[in-house]
Amino acid sequence: MKKLSLIAILSILALPAYATDDSNDSAAPLAEEEITTTETAASETSTTDANDAADETATPVVTDENVTNPEIKFPHGLQIGVGLSATSGLNGFVGYNNKHFDSFWLKRLGVRFDFATTAPLKSAIKSGIDSIIGDENLELGDELAINDILIKGHHFAALVDFYPFGDTWFLGGIRISGGYYFGNLNASAKLTGTADWMPDSELAFELNGVNYRYTGNTINAGAEVNWDYNGPYLGAGFDLGLFAGLKIYFDAGVVFANRAAQLGLDVPLDGLQVFKNGTWVPVANDMLVNELEQVKAEAQADAQDELNKFKFYPMVKIGFMYRF
């Protein structure tokens, strides 16, 4: 009985050891499986990260910052215009101003190359002048009148435009302009007149208080104003949109000219007479010719003094433009 009990006791004591060995044997395989699974998951994660990195390298992320705005590409912003200049004739320009730039300054700045000439409007200008002075000529007072007026002019300019309101609706068309002008204005006319107090009421003209006339009642004397100017320009204007890219443009400003207009007098000697001592005397000797030159110079100087006060050449333009 004691022997059996000892065997039973030993059996009981041996069971936990056996169970422990079994649990250890079964636990080891489970640990190896977990390690294998962990390594596989890590490998898959690394592969996924590598693939994601490769995809990011191959295809950059598209954002608003790196999308090119097609509306800032040439010829968007190119502008051309044609119109009339009150002092230079037919006006035209080419330039650039694009309000679709993201930059605060670029959308507000523009450039223009401006040009004008009276050549294509020569007949229209003459017809307009003739309609103004009419058949009676243009009376100036002091028994003087002018006729046969001719006006010629042209200019070239480089301008920078600043639009303070950018692309704001309606206000975006207002601009301040500055630049540099080169130009010329030439105006000429014949002088005629009547002096009722003189014998036979002959046609005549006056220079600095001295009366002259041409025989045959034909007046050949003339005056000319020539203005070769260049200088900086300052002005303002606007572009008023009509539809699509078509707009009305307007400019007004002044050129700070380097010189005033120069006056010239043309008094031919052929057939010229001077009224002296109550009678008409031909200007045919040196004394009378020299007197004429002196009188002409004095009259020119008086007129030039007045012209020298004006060194601001006005510039007014209006027309149509198209901005692409």
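Screening the range 248-264 for residues that are at pLDDT 95 or above and of a type outside the set (Phe, Trp, Tyr) and picking the one that is surrounded by the fewest Cβ atoms within 10 Å (Cβ to Cβ) gives Ala252.
Examine the range 297-316 for a residue that is within 19 Å of Ile151 (Cα to Cα), surrounded by 18 or more Cβ atoms within 10 Å (Cβ to Cβ) and in the same structural domain as Gly153 (by TED's automatic domain parsing), and state whether such a residue exists. Yes, the range 297-316 contains a residue that is within 19 Å of Ile151 (Cα to Cα), surrounded by 18 or more Cβ atoms within 10 Å (Cβ to Cβ) and in the same structural domain as Gly153 (by TED's automatic domain parsing).
Checking every residue in the range 250-258 against the condition of being under 30 Å from Phe165 (Cβ atoms) and of a type outside the set (A, V, I, L, M, F, W, C) gives at least one match. Within the range 232-245, the set of residues being over 16 Å from the mean Cα position of the chain (by Cα) and either at pLDDT 95 or above or aliphatic (A, V, I, L, M) (or both) comprises Leu242, Ala244.
The values are calculated or read from the model by the stated rules, or taken from the named source; none is laboratory data. Note that the structure is predicted; figures quoted are calculated from it, not measured. Reconstructed Cβ throughout: ideal geometry from the backbone, glycine too, with neighbour counts over all protein chains shown.
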